[in-house]
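Peer 1: Take a look at this one; I'll ask things after.
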Amino acid sequence: MKIDFQQLTQMIQKLKANPYKIYPVKTPHTGKIIEFKVKEGMEVTGPRGKWLEKPGSPLFVLEREKNPKIISSNYNGVVQNIRFEFLNKFVEAFETVLEIKHALTQEEIISEILLSTLFVIKAPETARYIINPELAKQIEKEGLGKVTVKQGSELLTMTFMKRETPIHLRERGTFVIYRLYFKPFEIVPSNAPLIGLCPVEDLPYLERIIQRIKEEWPA
């Protein structure tokens, strides 16, 4: 497995031309939309505070069984494509009500690129995952981007309903653990990213590209 640097360059050019991500805001459950709190083009913010304990900007009010619930923004950005035709109407669960156009930060652009570039180990099931204790010690001591693994290395343990299943690296070659996408003992949905690996021989080139992004995109 090697990084496709031609594809990576195309992705960077695409992000330069359109450094935004569109997030649809959907109804969490059935109900009646009784009020919109935003207008087209309005800027909104996501959760704030040290622990993100303060909710984001209110977007609309969804009522079910006479219990109104304010649906708040999870992202910073600009509101677009509001479905005003839903006002005072009953809507199904997971119906898209509006969108938020979010300007990607430098760190988010790096994350987007890495997620598309690295060899990513994904969760085979919805479960809790724990990184191999020996790898965890090495990462704590040396840091991400320093610890290497090879085909057959035990990376993780999946725990679910008192069942523990080790997860080994099946790909040939030597890799550097470059990113961790989960927290220990946190429930991770099926197919969500767990670990991002970079082939050892590609590491200098990848770090050069990351440095280029940091120079070209404001922090």
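Peer 1: Give region 162-219 a look and list any residue that's of a type in the set (S, T, N, Q) and over 26 Å from Glu125 (Cβ atoms), or say none. I'd like the intermediate steps shown before the answer.
Peer 2: So in region 162-219, the residues of a type in the set (S, T, N, Q) come out as 165, 174, 190-191, 211.
Correct list: Thr174, Gln211.
Peer 1: I'm trying to understand the selection: among the residues of region 41-72, which are in a loop (DSSP other than H, G, I, E, B) and either within 12 Å of Val97 (Cα to Cα) or among the aliphatic types (A, V, I, L, M) (or both)?
Peer 2: Initially, region 41-72 is screened for residues in a loop (DSSP other than H, G, I, E, B), giving 41-42, 45-47, 49-53, 55-57, 65-66.
Matches in region 41-72: Met42, Leu52.
Peer 1: Can you name the residue in region 77-115 that is modelled with pLDDT under 90 and surrounded by fewer than 14 Cβ atoms within 10 Å (Cβ to Cβ) and, of all such residues, is nearest to Gly56 (Cα to Cα)?
Peer 2: Among residues in region 77-115 that are modelled with pLDDT under 90 and surrounded by fewer than 14 Cβ atoms within 10 Å (Cβ to Cβ), the one nearest to Gly56 (Cα to Cα) is Glu107.
Peer 1: When region 196-217 is examined, which residues are found to be of a type outside the set (Gly, Ala, Ser) and in a strand (DSSP E or B)?
Peer 2: In the first step, residues of region 196-217 are kept if they are of a type outside the set (Gly, Ala, Ser); the result is 197-217.
Once the filter is applied, which keeps residues that are of a type outside the set (Gly, Ala, Ser) and in a strand (DSSP E or B), region 196-217 yields Leu197, Cys198, Pro199.
Peer 1: Give the residue that is surrounded by the most Cβ atoms within 10 Å (Cβ to Cβ), with candidates limited to residues of region 17-38 that are under 21 Å from the mean Cα position of the chain (by Cα) and of a type in the set (S, T, N, Q).
Peer 2: Per the stated criteria, the residue is Thr27.
Peer 1: Kindly establish whether Phe175 is in the same structural domain as Ile110 (by TED's automatic domain parsing), closer than 23 Å to Glu207 by Cα and assigned to a loop (DSSP other than H, G, I, E, B).
Peer 2: Details: in the same structural domain as Ile110 (by TED's automatic domain parsing): yes; closer than 23 Å to Glu207 by Cα: yes; assigned to a loop (DSSP other than H, G, I, E, B): no.
Considered against the rule, which asks whether it is in the same structural domain as Ile110 (by TED's automatic domain parsing), closer than 23 Å to Glu207 by Cα and assigned to a loop (DSSP other than H, G, I, E, B), Phe175 comes out as no.
Peer 1: Look at Lys150 and say whether it is in contact with a Ser or Thr (Cβ under 7 Å, 6 or more places away or on another chain), charged (D, E, K, R) and closer than 18 Å to Glu201 by Cα. Step through it out loud before you land on a result.
Peer 2: On the way: in contact with a Ser or Thr (Cβ under 7 Å, 6 or more places away or on another chain): yes; charged (D, E, K, R): yes; closer than 18 Å to Glu201 by Cα: yes.
Spelling it out, Lys150 is indeed in contact with a Ser or Thr (Cβ under 7 Å, 6 or more places away or on another chain), charged (D, E, K, R) and closer than 18 Å to Glu201 by Cα.
Peer 1: Would you point out which residue out of Thr9, Thr27 is within 19 Å of Asn81 (Cα to Cα) and either hydroxyl-bearing (Ser, Thr, Tyr) or in contact with a helix residue (DSSP H, G or I) (Cβ under 6 Å, 6 or more places away or on another chain) (or both)?
Peer 2: Working: Thr9 fails: within 19 Å of Asn81 (Cα to Cα).
Thr27 is the lone residue from the list that is within 19 Å of Asn81 (Cα to Cα) and either hydroxyl-bearing (Ser, Thr, Tyr) or in contact with a helix residue (DSSP H, G or I) (Cβ under 6 Å, 6 or more places away or on another chain) (or both).
Peer 1: State all residues of region 43-54 that are loosely packed, with under 14 Cβ neighbours inside 10 Å and among the hydrophobic types (A, V, I, L, M, F, W, C); if no residue qualifies, say none. Break it down stepwise before answering.
Peer 2: Of region 43-54, the ones loosely packed, with under 14 Cβ neighbours inside 10 Å are 43, 48-54.
Of everything in region 43-54, those that are loosely packed, with under 14 Cβ neighbours inside 10 Å and among the hydrophobic types (A, V, I, L, M, F, W, C) turn out to be Trp51, Leu52.
Peer 1: In region 182-202, is there at least one residue being acidic (Asp, Glu), surrounded by 13 or more Cβ atoms within 10 Å (Cβ to Cβ) and closer than 23 Å to Glu107 by Cα?
Peer 2: yes
Peer 1: Kindly indicate whether Phe185 is in a loop (DSSP other than H, G, I, E, B), touching a residue at least 40 places away in the same chain (Cβ under 8 Å) and not hydroxyl-bearing (Ser, Thr, Tyr). Working first, answer last.
Peer 2: On the way: in a loop (DSSP other than H, G, I, E, B): yes; touching a residue at least 40 places away in the same chain (Cβ under 8 Å): yes; not hydroxyl-bearing (Ser, Thr, Tyr): yes.
Taking the combined requirement at face value, the residue satisfies it.
Peer 1: Of the numbered conditions (1) over 23 Å from the mean Cα position of the chain (by Cα); (2) under 28 Å from Leu206 (Cα atoms), Lys14 fails exactly one; give the number of that condition.
Peer 2: (1)
The values are calculated or read from the model by the stated rules, or taken from the named source; none is laboratory data. Since this is a predicted model, take the numbers as computed values, not measurements. Ideal geometry is used to build each Cβ from the backbone, glycine not excepted, and the neighbour counts take in all protein chains shown.
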